[in-house]
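The values are calculated or read from the model by the stated rules, or taken from the named source; none is laboratory data. Every value quoted in this text rests on a predicted model; they were computed, and no experiment measured them. All Cβ positions, even for glycine, are placed from backbone atoms using ideal geometry, and neighbour counts span all protein chains on display.
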Amino acid sequence: MLSTAWALAVGFFLLVACQKEEEGPVSAAATAGFSALPLSVPAPADNPSTLAKVALGRVLFWDPVLSGGKDVSCASCHHPAAGYADGLDLAVGVNGQGTGAARRFRSPNSIPFGPRNTPSVLNTAFNGMMADGSSQPSAAPMFWDNRALSLESQALGPLANFSEMRGHQYSEALALDSLVARLRGIAEYQRLFSAAFGGSTPITAGNLAKALACFERTLVSTDTPFDRYLRGDKTALSDEQVRGLNAFVQSGCNKCHSGPMLSDYQLHVLGVVDNEKNQVSDSGPNGSYAFRTPSLRNLAFTAPYMHSGKLPDLQAVLRFYDPGPGPRPPLNPNVAPNQRDPLLNVRVTDPQAIIAFLGALSSSSFDQTIPARVPSGLRVGGN
């Protein structure tokens with residue numbers, strides 16, 4: 001009897017121990033509020049996705065006809081080779097040439113850099129999504145300051161922006177009307193807009209935004225190792241990445257970086273140093289120096305980091321929050337220490353393991369198709 005009872009007790013102990021060993025990382029992820037990206041993409045009720053809209057949005061994304069000088073496209077700063085970002089600290093739009101990190105201004109130049117680091121448009125279809133998977137695509141926050149709500153609203157902003165795509169050709173007030181007139185003069189766009197939207201005058205600024213948004217909602221990466229791990233594949237993360245996940249939570253990084261997109265989509269005062277290429281300090285909305293928590297997804301493709309692009313790699317990002325024994329990247333002298341968000345009071349444990357974990361948030365499975373031609377007949381992608 002004793003030997004049988006002893007064997008049962010030992011067996012129960014081993015079972016519990018194994019369960020704890022397996023469930024520890026899963027429990028940490030669950031309590032941190034993480035969740036895998038959904039496999040279906042939400043869309044606003046007034047802009048459901050169709051193949052015709054996506055096809056139209058794709059060529060519009062790559063067609064420089066949408067820029068004032070007909071030489072800049074959306075893809076100039078959101079290129080698939082750079083994870084639909086550009087690999088630069090600050091964007092080079094009008095009067096630029098090249099793609100990705102190789103993009104440079106032509107000379108002479110009277111156009112300033114874009115004032116902020118270019119966010120990737122990958123997975124922006126999920127912006128604002130909560131941990132339970134609920135979302136409001138018609139009110140999804142966009143840009144570093146959340147100034148636009150929805151991909152439809154975001155899509156039109158760069159077209160009218162002086163340094164991004166408009167240039168000197170027309171005023172901001174006339175930008176969208178000028179572009180609509182251009183598109184209406186191209187027979188192939190007349191056919192494509194009619195196929196996508198119907199109606200007697202399908203080429204409008206609103207439909208232009210809807211087509212671009214529909215295409216951007218196809219640019220998703222939902223099969224990262226972390227997504228597979230959260231869906232139950234416990235082999236998807238290495239031992240170091242699991243250790244990094246736990247260190248990420250223990251360090252407090254999940255206070256702001258949680259949910260499916262690893263962002264709370266709130267504005268926080270971090271005190272990141274300004275980019276010296278800007279002529280004036282970027283003080284953010286209402287002079288607050290508060291900027292949105294960026295998503296951590298696809299970080300492998302989107303360095304440098306932060307709104308000013310001043311942190312070159314993930315090591316620098318972690319040192320910004322907790323310098324440890326090494327030097328801390330410079331802070332913004334315009335932000336007093338007591339202005340910085342108290343959520344930044346973190347102590348980074350096992351930084352190399354955290355960086356390994358962050359590597360599990362990227363996947364190269366996203367659509368990287370470049371069209372062979374665009375309806376305007378201009379060079380695909382622009383200069």
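Of all residues in region 147-192, which are among the polar types (S, T, N, Q) and closer than 13 Å to residue 206 by Cα?
Selection gives 150, 153, 154.
Inside region 231-263, can you point out the residues that are surrounded by fewer than 19 Cβ atoms within 10 Å (Cβ to Cβ), of a type outside the set (Gly, Ala, Ser) and out of contact with any helix residue (DSSP H, G or I) (no Cβ under 6 Å at 6 or more places or on another chain)?
Listed by number, the residues that qualify are 231, 233, 234, 235, 239, 250.
Pick from region 87-119 the residues that are of a type in the set (A, V, I, L, M) and under 20 Å from residue 276 (Cβ atoms): which of them is surrounded by the most Cβ atoms within 10 Å (Cβ to Cβ)?
92
Considering only region 121-130, I want to know if a residue exists there that is more than 15 Å from the chain's Cα centre (by Cα) and over 18 Å from residue 277 (Cα atoms).
Within region 121-130 (the criterion being more than 15 Å from the chain's Cα centre (by Cα) and over 18 Å from residue 277 (Cα atoms)), the answer is yes, since at least one residue qualifies.
Exactly one condition in (1) out of contact with any Lys or Arg (no Cβ under 8 Å at 6 or more places or on another chain); (2) closer than 24 Å to residue 262 by Cα is not met by residue 375; state its number.
All conditions are met except number (2).
Residue 368 passes all but one of (1) part of a loop (DSSP other than H, G, I, E, B); (2) in the same structural domain as residue 249 (by TED's automatic domain parsing); (3) closer than 25 Å to residue 36 by Cβ; which number fails?
(2)
List pairs: first in region 298-314 and touching a residue at least 40 places away in the same chain (Cβ under 8 Å) and within 20 Å of residue 284 (Cβ to Cβ), second of a type in the set (Val, Ile, Thr) and not in a loop (DSSP other than H, G, I, E, B), Cβ under 6 Å, 6+ apart or cross-chain?
305/317; 306/272; 308/272
Restricting attention to region 187-215, which residues are among the aliphatic types (A, V, I, L, M) and either in contact with a Phe, Trp or Tyr (Cβ under 9 Å, 6 or more places away or on another chain) or more than 13 Å from residue 58 (Cβ to Cβ) (or both)?
187, 195, 203, 205, 208, 209, 211, 212
If you take the residues of region 340-354 that are in a helix (DSSP H, G or I) and in contact with a Gly (Cβ under 7 Å, 6 or more places away or on another chain), which of them is surrounded by the most Cβ atoms within 10 Å (Cβ to Cβ)?
354
In region 82-134, which residues are in contact with a helix residue (DSSP H, G or I) (Cβ under 9 Å, 6 or more places away or on another chain) and basic (Lys, Arg)?
Scanning region 82-134 gives a single hit, 103.
Out of the residues in region 67-86 meeting the condition of being surrounded by fewer than 20 Cβ atoms within 10 Å (Cβ to Cβ) and under 20 Å from the mean Cα position of the chain (by Cα), tell me which one is farthest from residue 40 (Cα to Cα).
81
Being of a type outside the set (Lys, Arg), closer than 18 Å to residue 295 by Cα and not in a loop (DSSP other than H, G, I, E, B) narrows it down to one of 75, 52, 125, so name that one.
125
Here are the criteria: (1) in contact (Cβ under 8 Å) with a residue 60 or more places away in the chain; (2) surrounded by fewer than 19 Cβ atoms within 10 Å (Cβ to Cβ); (3) at negative phi. Tell me which single one residue 139 does not satisfy.
Against the list (1) in contact (Cβ under 8 Å) with a residue 60 or more places away in the chain; (2) surrounded by fewer than 19 Cβ atoms within 10 Å (Cβ to Cβ); (3) at negative phi, residue 139 comes up short only on (1).
With respect to the numbered conditions (1) part of a loop (DSSP other than H, G, I, E, B); (2) farther than 25 Å from residue 239 by Cβ, which one is the sole condition not fulfilled by residue 268?
Residue 268 satisfies every listed condition except (1).
Just checking, does region 287-297 include any residue being under 30 Å from residue 189 (Cα atoms), modelled with pLDDT of 95 or more, surrounded by 15 or more Cβ atoms within 10 Å (Cβ to Cβ) and not basic (Lys, Arg)?
no
Which residues, taken from region 201-224, are outside any helix (DSSP H, G or I) and farther than 19 Å from residue 121 by Cβ?
201, 202, 203, 204
Quick one: in region 145-190, which of the residues that are assigned to a loop (DSSP other than H, G, I, E, B) and free of Cβ contacts under 8 Å to residues at least 60 places away in the same chain is farthest from the chain's Cα centre (by Cα)?
The selected residue is 185.
Checking residue 279 against (1) assigned to a loop (DSSP other than H, G, I, E, B); (2) of a type in the set (S, T, N, Q); (3) within 23 Å of the chain's Cα centre (by Cα), which single condition isn't satisfied?
Of everything listed in (1) assigned to a loop (DSSP other than H, G, I, E, B); (2) of a type in the set (S, T, N, Q); (3) within 23 Å of the chain's Cα centre (by Cα), residue 279 misses just condition (3).
Residue-by-condition table, conditions (1) touching a strand residue (DSSP E or B) at 6+ places or on another chain (Cβ under 7 Å); (2) outside the structural domain of residue 33 (by TED's automatic domain parsing); (3) among the β-branched types (Val, Ile, Thr); (4) over 16 Å from residue 354 (Cα atoms):
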residue	(1), (2), (3), (4)
186	no, yes, yes, yes
192	no, yes, no, yes
212	no, yes, no, yes
242	no, no, yes, no
256	yes, no, no, no
267	yes, no, no, yes
